[in-house]
Ligand code: PHE
Ligand code: ZN
Ligand code: ZN
């Protein structure tokens, strides 16, 4: 009690956050514990998300920030009865929920018993290169017998919503969509239709779909479905904390999404990005830094439901406030086990690419190469880009497969997904690549620091508004 403060006073000035990676790992551990205590996930609308909000708010408050919880409403879907999916002909077989099938979010409700009619374009086994899978992407894929029947479709090649629409137009009474069978696409996942959809939709594992396809191709196969669900409205929250000091007329927003998918704890996606945003905020506060430009740290809700939090934030921001923001930096997945150092930028937008240049330079100074990437509306840069605010970010890779040339540059394993646990229960603390954490946080903190201090914030020439033509992301499983 007596000696310690003196020692501290006499000691060298050292940031209290001594080790960036160790601090990030503490945040990741905390988020893992939250998922463990809340049904294994931190999805928007769930208790795990609330606990994540409370945790992040506490970290920021402890660092001295005033934290704003921006509340808005989301619609979620809940089954009101246990669903049942069973083959009744040629042989009775009950499928197992979670193992063989999952009812889609916003599935229509129904009790029906109908023949199964496979759509055209199915490939079992799937093509090794993953190309050419587009079952149900075209109206012609649905034969006349689809009317009044249950359409059986394979994942891949186009937005799921397109498959749903085509099936419904062809008169299908329900749709069974089975996983593609490609690496990382064998098990069941939660897929999402749009709120207002009336078609009963069930997602099948590759194996369950393959068996059903073989059966339906050989003989009349009948399936029974019992699905009862309803749409609920729930509150959720974005978290926002501003730096002390810094010119509000030049605001830099630094963010990432705080929610996980319902299927897993979301520690790489996106606990890793959240750990990065939190450590950036902590370090700025603990250095006592008053940056030249205001820095706003933002943790978004409901990215996984279709970028809802960041879209809500940007679209409800008064025009004057929006004009004060000169850039948005996004961190969505920065610790993928089989990573590539992707710089996510909107290639058609010079101001976004200019931020990308900063990230590339930061990597390069550490002797690290990086790769261009354009997420095209798949993450929270979308709303900013659409609003004319330059935005870019870092991304370590999700479901795609590492190429041979990427393996040469980045190590890891070619032919395997960047993150084999993407959107799955195994996206746990064990799914975190520490080397990626170190490299990405180093580049990110460098760029945040530079942009917080820079004057002018953005070169006039590159600040030109270039709106992207990317479609609005409809949620991760709606994509393809
Ligand atoms: N937004 C995607 C997800 O959360 C991941 C992603 C990040 C994709 C960045 C592309 C670019 O699932
Ligand atoms: Zn995700
Ligand atoms: Zn994500």
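Every number in this text was worked out from the coordinates using simple rules, so none of it is lab data. The structure presented is a predicted model; accordingly, all values stated were derived computationally and were not measured. Here the Cβ is made from the backbone with ideal geometry for all residues, glycine too, and neighbour counts use every protein chain on show.
Distance from a point 7 Å along Cα→Cβ of residue 247 to each backbone N in region 354-395: keep the residues under 20 Å and list them by number.
355, 389-391
Using a basic spin-label model with each label point 7 Å from the Cα along Cα→Cβ, how many nm lie between residue 228 and residue 81?
Each label point lies 7 Å from its Cα, and together they span 0.4 nm.
Could you calculate the contour length gain from residue 47 to residue 159, that is, 0.36 nm times the residue separation minus the distance between their Cα atoms, to one decimal place in nm? Mind showing how you got there, number by number?
Working: separation 112, 0.36 × 112 = 40.32 nm, distance 2.99 nm.
Here the answer is 37.3 nm.
Can you put 389, 201 in order, fewest other beta carbons within 10 Å first?
Working: 389 25, 201 29.
Sorted ascending by nearby Cβ count, the order is 389, 201.
At 7 Å along the Cα-to-beta-carbon direction for both residue 138 and residue 62, put a label point, then send me their distance in nm to one decimal.
It is 5.8 nm.
Can you sort 158, 137 by how many other beta carbons sit within 10 Å, fewest first?
Numbers: 158 17, 137 20.
Sorted ascending by nearby Cβ count, the order is 158, 137.
Given labels modelled 7 Å from the Cα in the Cβ direction, how far is it in nm from residue 22 to residue 455?
The two pseudo-label positions are separated by 3.6 nm.
Full extension from residue 286 to residue 407: what is 0.36 nm times the residue separation minus their Cα-Cα distance, to one decimal in nm? Spell out each step's value before the answer.
Working: separation 121, 0.36 × 121 = 43.56 nm, distance 3.81 nm.
Between residue 286 and residue 407, full extension yields 39.7 nm more.
How much FRET efficiency would the formula 1/(1 + (r/R0)^6) give for residue 33 and residue 91, where r is the Cβ-Cβ distance and R0 is 45 Å, rounded to 0.05? Present the calculation step by step, with values, prior to reporting the outcome.
On the way: r = 45 Å, r/R0 = 1.00.
The calculated FRET efficiency here is 0.50.
Please give the contour-minus-distance gain from residue 316 to residue 194: 0.36 nm per residue of separation, less the Cα-Cα distance, rounded to one decimal in nm. Show your work: numbers first, answer last.
Values: separation 122, 0.36 × 122 = 43.92 nm, distance 2.22 nm.
So the chain would gain 41.7 nm between residue 316 and residue 194.
According to the square roots a ≥ b ≥ c of the eigenvalues of the Cα gyration tensor, what is the shape class of region 81-227, taking rounded for a/c under 1.5, prolate for a/b larger than b/c otherwise, and oblate for the remainder?
Values: a/c = 1.20, a/b = 1.15, b/c = 1.05.
It comes out rounded by the Cα gyration axes.
Can you tell me which of 352-358, 35-41, 105-111 comes out highest on packing, and rank the rest after it, using the mean Cβ neighbours within 10 Å? Show your work: numbers first, answer last.
Details: 352-358: 21.7, 35-41: 17.1, 105-111: 19.6.
Top of the packing list down: 352-358, 105-111, 35-41.
Rounded to the nearest 5, what % of the DSSP beta bridges within the chain are antiparallel ones?
Numbers: 38 of 73 bridges.
Rounded to the nearest five, the antiparallel share is 50 percent.
For a quick check: sort 269, 419, 140 by the number of other beta carbons within 10 angstrom, fewest at the front.
Values: 269 31, 419 26, 140 11.
Ranking 269, 419, 140 by Cβ neighbours within 10 Å, fewest first, gives 140, 419, 269.
In whole Å, how far is the Cα centre of region 283-308 from that of region 116-187?
Going from one Cα centre to the other spans 41 Å.
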